[in-house]
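The values are calculated or read from the model by the stated rules, or taken from the named source; none is laboratory data. Fair warning: this is a prediction, and the values are worked out from it, not measured in the lab. Here the Cβ is made from the backbone with ideal geometry for all residues, glycine too, and neighbour counts use every protein chain on show.
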Amino acid sequence: MSAMNSHKQAKPVEPGRWRDWAVTAAAITLGLLFWELILSNPDNVSAINSAIRDTTGWNPRLRFFSPTMMPRPSSIARAFFITPNNGRGGMLFFAEHTQASLFAALLGFVLGNGLAILIATLFLYVKSLERALMPIALALRSIPLVAITPLLLRIRFTLADLPAVKENPLLYLLFGTENTIKMIVVVIIVFFPTLVNVARGLESVDLPALEFLHSLSASEWYIYWQVRVPTALPLAFAAFKVAASASVLGVVVSEWLSSNQGLGYIMYQGGTGTGVAEMWVAMIITTCLALALFWIVDLVEKIVLPWHQSVIALKQAMEGFERVTRIQAQAS
Amino acid sequence: MERVEQAKRKKTSNGLTDAAQAYGTSALLILAVLALWQFGIPEGMSSALPKPTLIAVTIWKIAPILWDNVLQTALEALLGFVFGTLAAVLIAIGFVYSRTVARTVYPIAVILRSLPLIALMPFLVSWLGTGIMSKVVLAALTCFFPTLVNMVQGLTSVEPQALELMQTLNANEKQVFWKVRLPYALPFLFTSFKITSSAAVLGAIIGEWLWANVGLGAFIVNAMFNMQGPELWASMMVATALSILAYILAVVGEILIVPWQKNGPKIEVGK
């Protein structure tokens with residue numbers, strides 16, 4: 001009886017249910033209201049703190065929740081909509097910085113993935129190259145390469161100091177500021193997971209299908225586009241989805257370290273104690289950018305691979321939700 | 001020398017020879033890059049790209065200082081790993097047993113999973129300060145979602161037959177959990193450890209970059225701003241070694257603790 005029950009309850013939840021989302025939205029709204037009310041007067045926090053201390057004898061140290069560290073939702077909204085006298089705030093200010101970050105993230109995303117697809121195709125036809133480079137790519141894929149950002153920035157500092165770079169306007173445009181290096185960070189982060197996934201996808205074609213096409217003396221071009229690319233696309237999109245938020249992260253992280261524009265720069269300023277409300281706005285924008293990129297990739301996948309989605313739906317019906325998510329998790 | 005080894009392997013198995021050849025080519029390529037780096041970097045770039053031998057010597061020279069920083073980072077990563085994993089496992093169990101928890105937490109988890117959580121570090125610093133707590137929380141956050149996803153999958157991957165067997169044996173909920181669900185879930189948990197162990201190290205290091213006095217991350221960024229090329233590369237190498245070590249520990253743990261595979265464990269009928 002109990003075992004049967006637990007099996008029933010263990011059925012996974014359908015994520016798209018509007019009621020679930022409504023519950024979540026209500027919880028978030030209530031949380032925001034609570035946050036706004038409790039911080040409307042700084043004394044509230046210390047009153048709660050002393051009440052807990054008096055009743056339980058334990059000091060929860062709620063000083064974290066002071067309005068200067070966790071600004072009220074209304075002051076975050078004000079930072080976003082209204083431009084203060086010093087110009088650090090308002091929609092134009094954030095639009096400018098968002099543009100700087102988004103440009104580097106998008107360009108890095110496109111270049112990194114494009115390069116990875118090109119090299120994966122090269123691997124397919126030049127086997128010796130694959131043998132030499134694939135083990136390195138496999139190793140680098142599982143290292144979170146965002147950690148090498150300080151190295152790249154260090155190289156840029158030196159490059160910017162070179163006389164040859166200072167004299168050449170084009171080279172100075174590339175390496176005199178942070179813009180290029182932010183993009184290169186993204187390219188490096190995005191490159192290896194996509195390379196590995198696409199290279200695997202291009203090779204994981206049905207052998208009977210390949211033999212059949214060979215017997216019809218189909219051209220390599222035809223086989224590439226009609227057989228290999230469709231097989232590789234699901235794996236490629238799995239990599240693109242990971243790359244979507246990774247590209248935003250790469251840009252933000254390099255802006256923390258060294259930049260005077262971008263969302264990461266605003267965040268770093270907030271972390272040091274000045275402009276906490278602006279930091280919150282920047283974090284919300286970053287979050288939305290990462291989600292938007294992810295959803296765009298997801299949407300494109302659904303348009304490009306409708307059969308892929310239907311195959312998944314069929315499998316879900318046949319084998320159950322959990323096994324498919326396991327396969328997807330392995331693929332990504 | 002390598003040829004002798006290759007010849008030896010050839011006798012044992014064909015697959016091994018292939019592997020040796022594959023890694024042999026890569027190893028040669030890496031050696032070539034190192035040689036080019038050692039002798040081919042122009043003088044102007046040598047402060048940003050110091051010679052590999054100089055990096056090795058620097059690691060040796062500053063080892064005592066690095067060691068203190070490694071300890072700090074390892075502590076933060078370990079604490080973050082433990083807390084993040086514990087929270088994820090508990091919530092995953094809640095997911096599986098309570099529809100309400102699943103309904104309220106799942107949509108949030110879906111959103112948070114696709115976010116660059118490391119980007120939240122300035123917020124953690126403004127909230128928790130520049131001490132050890134903000135790094136521990138960041139490391140815990142980087143561990144949390146992979147573990148949650150894998151653990152939910154693991155707990156729900158139980159074969160219906162196993163549950164039916166437990167039912168016919170009149171097992172109670174507790175027995176089903178400890179004897180069926182958990183053994184089924186453990187391999188999934190260790191799969192996620194292979195990701196989260198080095199992710200925790202990464203979280204700790206990035207958390208230290210700009211908001212700490214001790215730790216590998218702080219050392220790396222100080223070396224970057226102070227134009228200390230060899231020190232930067234040396235600490236970078238040590239940081240990489242630390243995250244590889246964390247990964248190896250996860251693999252060893254998997255081999256020792258869950259020798260059974262994902263096909264599911266044998267069900268031992270308990271007393």
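Suppose we keep only residues that are at the interface with another protein chain (Cβ under 8 Å from one of its Cβ atoms) and β-branched (Val, Ile, Thr) within region A:273-292. Which one would you say is nearest to A:Val185 (Cα to Cα)?
Step by step, filter region A:273-292, then rank; the result is A:Thr286.
Suppose the filter is of a type in the set (Ser, Thr, Tyr), at pLDDT below 90, surrounded by 14 or more Cβ atoms within 10 Å (Cβ to Cβ) and not assigned by TED's automatic domain parsing to the domain that holds B:Gly215; does B:Ser47 pass it?
Criteria met by B:Ser47.
For the subset of region B:60-87 comprising residues that are more than 14 Å from chain A (Cβ to nearest Cβ), buried (at least 18 other Cβ atoms within 10 Å of the Cβ) and of a type in the set (Val, Ile, Thr), which member is farthest from B:Pro146 (Cα to Cα)?
Once the filter is applied, the top-ranked residue is B:Ile62.
In region B:106-131, which residues are part of a helix (DSSP H, G or I), β-branched (Val, Ile, Thr) and closer than 20 Å to A:Val253 by Cα?
To start, the set of residues in region B:106-131 that are part of a helix (DSSP H, G or I) comprises B:106-113, B:117-128.
Keeping just the survivors that are β-branched (Val, Ile, Thr) gives B:108, B:110-111, B:118, B:125.
Passing the criteria: B:Ile118, B:Val125.
I'd like the residue in region B:226-243 that is farther than 13 Å from B:Leu66 by Cβ and surrounded by fewer than 16 Cβ atoms within 10 Å (Cβ to Cβ) and, out of all such residues, is nearest to the other protein chains (Cβ to nearest Cβ).
Once the filter is applied, the top-ranked residue is B:Met227.
Name the residue, out of A:Ser259, A:Ser247, that is more than 8 Å from every other protein chain (Cβ to nearest Cβ) and touching an Asp or Glu at 6+ places or on another chain (Cβ under 9 Å).
A:Ser259
Per-residue answers, yes or no, for (1) over 15 Å from B:Leu242 (Cβ atoms); (2) in a helix (DSSP H, G or I); (3) over 24 Å from the mean Cα position of the chain (by Cα):
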residue: B:Phe39; (1), (2), (3): yes, yes, yes
residue: B:Leu49; (1), (2), (3): yes, no, yes
residue: B:Val57; (1), (2), (3): yes, yes, yes
residue: B:Leu71; (1), (2), (3): no, yes, no
residue: B:Leu75; (1), (2), (3): no, yes, no
residue: B:Ala92; (1), (2), (3): yes, yes, no
residue: B:Thr104; (1), (2), (3): yes, yes, yes
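Considering each residue of region B:172-183, count those that are over 23 Å from B:Val82 (Cβ atoms), surrounded by 18 or more Cβ atoms within 10 Å (Cβ to Cβ) and touching a residue at least 40 places away in the same chain (Cβ under 8 Å), and give that number.
2
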